[in-house]
Amino acid sequence: MEKIGILTSGGDAPGMNAFIRSVVRTSIYRGAEVYGIKNGYKGLLEGKVDRMVESSVGDIIQRGGTILGTSRSDKFMTEEGIRRALSILEVFGITKLIVAGGDGSLKGALELGKRGVDVIGAPLSIDNDLGYTDYSIGFFTAVNTVTSAISKIRDTTESHGRAHVVEVMGRNCGDIALYSGLASGAESIIVPERKLNLDDIVKRAIKTKERGKRHHIIIMAEGAGSSYDLAEKFSDLTQIETKVTVLGYLQRGGEPNVIDRIMGSTMGEMSVNHIMDNLGSYAIGNKKGEIKIYDLEEALSVKKEFKDNLADIMKVISI
Ligand code: F6P
């Protein structure tokens, strides 16, 4: 009987539980045994592996976080760590492994794949920073969360006639800032992918203030620099009182939205069916609305492209 392992790794993302549920139930449907590895690669090194059955994943599709737990493990990415991971998998007879996480987690899966484990990496990260897939599971829920937070911030910003810099997550990727900027009607975004043109932002803020606009919302991706420094400079140059909110970890939690539940469910099912029928290392992704399978090494070498067209649309309509 095939034994499939599943682990979640790196920053948790809403939709991880929907993915786990789908993997566990599809594995059982396909006649395989499925094992949940606790706390990501760290738990794998510690041998924290438990058999899962249909009821192990009951009542979780609507929950944020990950029932398996997650971690970031530097130890795993060493030669000794990889060897230990392989020996633990061997003890449990697990020859196929499904890894849900972001860039670093999928790189870890590739290392195991190179040493003979059949692996599938699935994109689960709020950052949306993997180049081979249009969207990662968890991203749209995070964008929803940021967008509704900005609506609240806008109320108070407007009432006081202020500006507000809202710092969002994303590591080196500006997608959370870009999509929530477009969805919330924010006046400006600052992202690592585009050179900061403070002059332009300042001119727009002054012009719109003269026209009677009472708020200016700037969304700043964490990878683009310090939101506090930016707010100070902006305030000096515009003479508009400017506040800062760092949204932080609330962006990672919460009930996954419909898109992330559906992507979690469909990618989970396809991951199991693919790993049951194929040997090798693969990634699963979403291109132009279709769920597809890729070679893992090639997938990880695809550079993430920033959607300049969305940023340009924002500039025209958020004025
Ligand atoms: O990768 C997801 C993410 O939330 C990033 O946006 C953020 O920079 C990082 O994780 C925070 O990581 P940690 O949970 O280790 O503090």
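The values are calculated or read from the model by the stated rules, or taken from the named source; none is laboratory data. A quick note: this is a predicted structure, and the numbers were derived from the prediction, not measured. No Cβ is skipped: glycine too gets one built from the backbone with ideal geometry, and neighbour counts run over all protein chains shown. For accessibility, only protein heavy atoms count, side chains too; no ligands or nucleic acids. Shrake-Rupley method; radii C 1.70, N 1.55, O 1.52, S 1.80 Å.
Structural remarks
- Yes/no for I28 being more than 16 Å from the ligand (Cβ to nearest atom), in contact (Cβ under 8 Å) with a residue 12 or more places away in the chain, over 24 Å from S87 (Cβ atoms) and assigned to a loop (DSSP other than H, G, I, E, B): no
- Looking across segment 90-130, the residues that are of a type in the set (G, A, S), open to solvent by 10 Å² or more (accessible area, probe 1.4 Å) and either free of Cβ contacts under 8 Å to residues at least 60 places away in the same chain or more than 15 Å from the ligand (Cβ to nearest atom) (or both) come down to G93, G113, G116.
- Tally, over segment 260-270, of residues that are more than 13 Å from the chain's Cα centre (by Cα) and either open to solvent by 40 Å² or more (accessible area, probe 1.4 Å) or among the acidic types (D, E) (or both): 5
- Residue-level check: of (1) open to solvent by less than 20 Å² (accessible area, probe 1.4 Å); (2) in a loop (DSSP other than H, G, I, E, B), F19 misses just (2).
- Selection of segment 22-48 for residues being hydroxyl-bearing (S, T, Y) and either on the phi > 0 side of the Ramachandran plot or crowded, with 19+ Cβ neighbours inside 10 Å (or both) yields S22, T26, S27, Y35, Y41.
- Checked against the criterion of being assigned to a helix (DSSP H, G or I) and more than 15 Å from the ligand (Cβ to nearest atom), the candidates A183, A142 yield just one match: A183.
- Hits in segment 158-181 (condition: of a type in the set (G, A, S) and more than 15 Å from V143 (Cα to Cα)): S159, G161, A163
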